[in-house]
Amino acid sequence: MAARRLSCFLSRSLSRSLSASSAAAAASSSSSSSGFASLLLSQGRRVNRFSTAAATEELIIPPVQISHTQHLINGQFVDAASGKTFPTYDPRTGEVIAHVAEGDAEDINRAVAAARKAFDEGPWPKMSAYERSRILLRFADLVEKHSEELAALETWNNGKPYEQALHAEIPMLARLFHYYAGWADKIHGLTVPADGKYHIQTLHEPIGVAGQIIPWNFPLLMFAWKVGPALACGNTIVLKTAEQTPLTALYVAKLFQEAGLPPGVLNVVSGDGPTAGAPLASHMDVDKVAFTGSTDTGKIILELAARSNLKPVTLELGGKSPFIICEDADIDHAVELAHFALFFNQGQCCCAGSRTFVHERVYDEFIEKAKARAVKRVVGDPFKKGVEQGPQIDNEQFEKVLRYIRAGIDSDATLECGGGRLGSKGYFIEPTVFSNVKDDMLIAKDEIFGPVQSILKFKDLDEVVRRANATRYGLAAGVFTSNIDTANYFTRALRAGTVWVNCFDVFDAAIPFGGYKMSGIGREKGIYSLNNYLQVKAVVTPLKNPAWL
């Protein structure tokens, strides 16, 4: 059901901008939309398109209480060892939402000690796989029960549209844990034939204490991508939230307690990368670390892990994904798809289709329609119905995006629309489209992580494959064509972990996700994610006078 809801949401996004009526219909059709969601959606005023007013009119106050701002360590919500806190902000205004416990090395030490004891002495790895599965299922049910509060908290702390959080991301969160619950009792080894009188079997064992560091752009989904497979395999966890978005991870950690997760199995610490993330990655009693974030930070994580106890590392890092529009494309559909591929989630998506390659024969038509679509994009308070784009996450990201826009202008790319700030407060940026972009421009090389579409022209398939692959990244790619031979050519030629054909940002619990080159190491989701959290042990026993070999 969650996967179907996600597909429906994406289809609506691709076919047209959400109108007030379609948003209301979506709300009424969702099983989780009741009084809370109706209150949020009904308070929306008239939304202007691509206008300053959309970002400056009176904002909705989310009717959700913040109840958890401390660390979760060994089953208890506790203050930081130092007593320090840090502010977390509403990106719509830049104002403080709450003050959260600020973790450092001592808090990481306490959390790792709790996770180590829970793994070595506690019931979790010794519990039957079926019982672990039941706890994961109970947690997924609690997520569905509290979907409206979770969506509101995610939007408030992150700035993403409430409709996106409620109708797509929270259902997918529940779906992911249903998926991993299904795997818990299906992890098993093999009996292996060998030359000689021996019985050989392989055991798949939990790796131990997993350190996990999640990003701010999809806090709850990245929580699921990390926590789900680790728990299904019988591990214990110390998870560090992104300092920008700590609130929802702490909320769902409490739901895990309600579901019956034993103390110490899941520990959540909030804090900065250098003071909390680095101690976690370098901790000698952490057996494995997983990180999602920037490529530069991923390098640091890998180095810290190697210099400590050589713990294995999985990394899901940056991207500069090509989206290729062939000359046989349905241009109207391609424009909508390319728009969605770039602007989804305020452009704050590691796999965003941020290099839009368009065949020269349809280039001019595509530019005009892409510009028109961007101008119609609805920007404003993400709690209001019909809004497609909220603010960037914080001032740092906001200023970074504006610097890249200025760099695009300075490099003589053609600014078709946008390019500036919306409103006088918060971190809203106009949907921005550049044409006549060249491969050596910063906006074509660097990961901007914002609502900036760069459109490049190409002549033939071999040329565009060469240019698409000429990047340090290799996370994802998109191809739009009506020719199956062309599609097959691209899917094998593009150096990327995911290639979407005539679609984009299609995610499912079973689809693996990860990158080539400097976009990461390993895969998340699907059966492949389990390998990140398991050790394989070979057991060899002599056979005396065996009946068969």
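The values are calculated or read from the model by the stated rules, or taken from the named source; none is laboratory data. Because the structure is a prediction, the values reported are computed rather than measured. Please note: Cβ atoms are built from the backbone with ideal geometry, for glycine as well, and neighbour counts cover all protein chains shown. Remember, those area values only see protein heavy atoms, side chains included, never the ligands or the DNA or RNA. Shrake-Rupley method; radii C 1.70, N 1.55, O 1.52, S 1.80 Å.
Surface composition of the chain: carbon plus sulfur atoms contribute 52% of the solvent-accessible area (1.4 Å probe, protein chains only, all chains present). Charge tally for Arg132 (other residues, Cβ to Cβ under 13 Å; Lys, Arg +1; Asp, Glu -1): +2. Among rounded, prolate and oblate, which fits the range 447-549 when a ≥ b ≥ c are the square roots of the eigenvalues of its C-alpha gyration tensor, a/c under 1.5 means rounded, and a/b larger than b/c means prolate? Prolate, since a/c reaches 1.5 and a/b exceeds b/c.
What's the FRET efficiency of Thr191 with Ala510 using the Cβ-Cβ distance as r and R₀ = 25 Å, to the nearest 0.05? Kindly include the intermediate steps, with their values, before the conclusion.
Numbers: r = 27 Å, r/R0 = 1.06.
That pair, Thr191 with Ala510, gives E of 0.40.
What percent antiparallel are the DSSP beta bridges of the chain, to the nearest 5? So the antiparallel bridges amount to about 45 percent of the total. Peptides 280-286, 174-180 ordered by packing proxy, namely the average of other Cβ atoms within 10 Å per residue, highest first: 174-180, 280-286. Legend: translational diffusion of the range 339-464 by Stokes-Einstein, Rh = Kirkwood radius over C-alpha pairs, 20 °C, 1.002 mPa s; D = 146 µm²/s. Would you tally the net charge around Phe77, using a Cβ to Cβ cut-off of less than 15 Å, leaving Phe77 out, and scoring K and R as +1, D and E as -1? Charge balance near Phe77 sits at -2.
With a/c under 1.5 counting as rounded, go ahead and sort the range 283-395 into rounded, prolate or oblate using the C-alpha gyration tensor (a ≥ b ≥ c being the square roots of the eigenvalues; past the cut-off, prolate if a/b is larger than b/c, else oblate). Walk me through the numbers before you get to the answer.
Details: a/c = 4.11, a/b = 1.94, b/c = 2.12.
Cα axes put the range 283-395 in the oblate bin.
Put a dot 7 Å past the Cα of Asn488, heading toward its Cβ, do the same for Val536, and the two dots end up 3.1 nm apart. For the range 229-238, 3J(HN,Hα) computed residue by residue from phi via the Karplus equation (6.51, -1.76, 1.60; θ = phi - 60°) reads x, 5, 6, 4, 7, x, 8, 10, 9, 10 Hz, glycine and proline entered as x.
Rounded to 0.05, the FRET efficiency of the Leu302 and Asp440 pair, given R0 = 25 Å and the Cβ-Cβ distance, is 0.30. Just name one of Thr432, Val378, Gln392: the one whose Cα is farthest towards the positive end of the charge dipole of the range 364-462 (beta-carbon charges, Lys/Arg +1, Asp/Glu -1). Going by the charge dipole, the pick is Val378. Cα convex hull, the range 392-452: 65 Å³ per residue, rounded to a whole number. When peptides 110-121, 59-70 are sorted by average Cβ neighbour count within 10 Å, with the highest value leading, the order is 110-121, 59-70. Evaluated on the chain, the Kirkwood hydrodynamic radius is 24.1 Å, with distances taken between all distinct Cα atoms. Solvent-accessible area per residue in the chain equals 38 Å², computed with a 1.4 angstrom probe and all protein chains kept. When the GluC sites (Glu not before Pro) in the range 354-442 are filtered for DSSP coil states and for at most 11 other beta-carbon atoms within 10 Å of their beta-carbon, the remaining sites are Glu360. Computed from Cα atoms, the angle from the helix 105-120 axis to the main principal axis of the chain rounds to 50 degrees.
Less than 11 Å Cβ to Cβ from Ala509, Lys/Arg counted +1 and Asp/Glu -1: what total charge do the surrounding residues give? So the surrounding residues net to 0. In the chain, helices alone account for a calculated mean residue ellipticity at 222 nm of -11500 deg cm²/dmol, with every DSSP H run of four or more residues adding -39,500 (n - 2.57).
By its C-alpha gyration tensor, with a ≥ b ≥ c as the square roots of the eigenvalues, how is the range 203-321 shaped: rounded for a/c under 1.5, else prolate for a/b larger than b/c, else oblate? The shape class here is oblate.
Shown is the FRET efficiency for Glu205 and Leu543, computed with R0 = 22 Å from the Cβ-Cβ distance and rounded to the nearest 0.05: 0.40. With respect to the chain, whose longest principal axis is taken over its alpha-carbon atoms, helix 484-493 is tilted by about 60°.
Of the peptides 337-348, 484-495, 188-199, the ranking by mean beta-carbon count within 10 Å, highest at the top, reads 337-348, 484-495, 188-199. Against the chain, whose longest principal axis comes from its Cα atoms, helix 2-15 is set at around 20 degrees.
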